[in-house]
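The values are calculated or read from the model by the stated rules, or taken from the named source; none is laboratory data. Quick caveat: nothing in here was measured; it's all calculated off a predicted structure. Reconstructed Cβ throughout: ideal geometry from the backbone, glycine too, with neighbour counts over all protein chains shown.
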Amino acid sequence: MKSINILAIMVTFLFSNCATTRCVKDGHLFPSGHELSAAFKNAGTHPGTWIPLLGATAVAVGGWDQEISEWAVQEEPIFGSYNGKQDPGDILSLSAHIGMLATSLAVQDNDSLWLCSLTRRLIWEHLGVIAAARLVDPVRRYTDRDRPHGGKRSFPCWHATKTAAYVGMANRNIQATNFSPFYKYSTQFILTSIALGSGWARIEANEHYPTDALFGMALGNFVTILIHDAFLIDNNNNDLTLIIDGHGRISIGFVMAF
């Protein structure tokens, strides 16, 4: 509910001072079957999906989950010197969220209604992250795996899923900018490192196994790439019009070109 409230506040804040604001999307209300199929393919073949999934499979098949977990908890090679009160995984997840917001501002929009395009993009990106995070509990109930410290519902890691979802959206934003290739690759490397760090922090904290974090990263990336490519890539000539009046009433118009 908190995330939904944030989305509502975002729309209200952006348009509360406008008597009438019209936002035109050069896309469509729902993706076609072909576009949805393409989005599924993009999400499944994206390196942020199959690389961590392949890693999780290798760790599981090799029987290294317990060994890596015990070593990480004992040695704490990355976050052992951290003495802050807040969980490093939370800090990295917040950093990824900020990265998604910042990169969304840098996307190059072709239309003049930049604020409307930004609002539409942020709403869909946040809905993608929410969708990925909401899938964690059903998977946990199905797998019912114990945590390393004996707690319940370890698989997959919620922090890794949510952070990877933020990073997946941020990386898509970076690809839509006019930045130089060096800047794009450097930024994507930093963002991906944040996603890896968030999952590893939960392993060192004895909260999750490596496969929990790796599968969570794959899940978060898959869902957000799917939603991004299905709803934020414009492929036809239909128009979605959002009108918000001074009283906060919202109406949506949909025009389809034949």
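Quick notes
- For region 109-141, the set of residues classified as part of a loop (DSSP other than H, G, I, E, B) and more than 20 Å from the chain's Cα centre (by Cα) consists of D109, N110, D111, S112, L113, listed by residue number.
- Any hit, region 152-168, residues being more than 17 Å from G220 (Cα to Cα) and without any contact (Cβ under 8 Å) to a residue 40 or more places away in the chain: yes
- Criterion violated by A257 - all others in (1) modelled with pLDDT under 90; (2) surrounded by 17 or more Cβ atoms within 10 Å (Cβ to Cβ) satisfied: (2)
- Search result, residues across region 126-141 that are in contact (Cβ under 8 Å) with a residue 24 or more places away in the chain and either among the aromatic types (F, W, Y) or within 29 Å of E204 (Cβ to Cβ) (or both): H126, G128, V129, I130, A131, A132, A133, L135, V136, V139
- When residues of region 183-216 are limited to those that are among the hydroxyl-bearing types (S, T, Y) and part of a helix (DSSP H, G or I), the one nearest to L53 (Cα to Cα): T211
- Residue in region 162-176 that is more than 29 Å from E67 (Cβ to Cβ) and over 14 Å from the mean Cα position of the chain (by Cα) present: yes
- Yes/no for C157 being surrounded by 15 or more Cβ atoms within 10 Å (Cβ to Cβ), at pLDDT below 85 and over 20 Å from A39 (Cα atoms): no
- Evaluating P156 against the criteria (1) assigned to a helix (DSSP H, G or I); (2) within 18 Å of the chain's Cα centre (by Cα) leaves one unmet condition, (1).
- If the condition is being free of Cβ contacts under 8 Å to residues at least 40 places away in the same chain, among the small types (G, A, S) and surrounded by 12 or more Cβ atoms within 10 Å (Cβ to Cβ), then region 29-81 contributes S37, A58.
- Residues of region 181-234 satisfying the condition of being over 17 Å from G89 (Cβ atoms) and of a type in the set (F, W, Y): F182, Y183, Y185, F189, F222, F231
- In region 90-128, the qualifying residues are those that are over 19 Å from I190 (Cα atoms) and of a type in the set (V, I, T), and the one that is surrounded by the most Cβ atoms within 10 Å (Cβ to Cβ) is T119.
- Scanning region 46-102 for residues that are modelled with pLDDT under 90 and part of a loop (DSSP other than H, G, I, E, B) yields E76, P77, I78, F79, G80, S81, Y82, N83, G84, K85, Q86, D87.
- Check on L219, touching a helix residue (DSSP H, G or I) at 6+ places or on another chain (Cβ under 6 Å) and closer than 18 Å to L54 by Cα: yes
- Check on I6, at pLDDT 85 or above and of a type outside the set (D, E): no
- Residue that is nearest to V129 (Cα to Cα) [pool: residues in region 173-182 that are without any contact (Cβ under 8 Å) to a residue 60 or more places away in the chain and part of a helix (DSSP H, G or I)]: Q175
- Checked against the criterion of being within 19 Å of the chain's Cα centre (by Cα), surrounded by fewer than 18 Cβ atoms within 10 Å (Cβ to Cβ) and without any contact (Cβ under 8 Å) to a residue 40 or more places away in the chain, region 142-151 has no qualifying residue.
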